[in-house]
Amino acid sequence: MTIEWRYTVEQELGVLSVSGYLGPDAVRRFEGAVGWAVGRGTGPVVVDLTGLRAWSAEGQLAITEAARRLAAAGRSLELAAIPADGSLVPDGDGPPIPVHADLAGALAAHSARHGKPPKGRHEWRTTGWSSGDESGE
């Protein structure tokens, strides 16, 4: 089993929504999605895990590596709705990874920081991602 992903940019905020199982077989696909995020935005990236069923130790490591990759590009990574069956335990030598209870909370936190909700939207996704708007916005 693998993941599907959708990356949405609204002004300076990127949202990478991931569904499925982030296990060893899906890590490369996740790294590719992070590559899209690095190449198509300039602000923070919220990884929305609402649709993620579970993740493995390799999947959690991929999240911490994504935080490092974004930090190297001058950007930050945040998580929304981590799976209940696992907790992210960064190794301590990487950038901090803020965790929000859900995507709405993450978006609200950014609106509060910047004083207004983001406008203008661009979206990229895997072919398996539903074409309906399921982002919770």
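Readers should treat all values here as calculations from the given coordinates under stated rules, not as data from a laboratory. Being a predicted model, the structure only gives us computed values, none of them experimental. When we count neighbours, we look across all protein chains shown, and the Cβ atoms used for this are built from the backbone with ideal geometry, even at glycine.
Per-structure values
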read-out: For Q11, residues with placed amide H under 5 Å, excluding near neighbours; value: K119
read-out: Long-range amide H partners of G51 with built H, under 5 Å; value: V18
read-out: Calculated from backbone phi, Karplus (6.51, -1.76, 1.60) coupling profile of the stretch 31-36 in Hz, x at Gly/Pro; value: 4, x, 5, 5, x, 4
read-out: By average C-beta atoms within 10 angstrom, highest first, the peptides 59-67, 36-44, 21-29; value: 59-67, 21-29, 36-44
read-out: Semi-axis lengths (Å, descending) of the ellipsoid that matches the C-alpha gyration tensor of the stretch 1-111; value: 19, 15, 14
read-out: Cut-off under 5 Å, modelled amide H: who pairs with S56 long-range; value: L22, G23
read-out: Proximal charge balance of A80 [Cβ under 10 Å; K/R count +1, D/E count -1]; value: -3
read-out: ³J(HN,Hα), Karplus 6.51/-1.76/1.60, whole Hz, each residue of the stretch 42-52, x for Gly, Pro; value: 10, x, x, 10, 9, 8, 8, 9, 3, x, 7
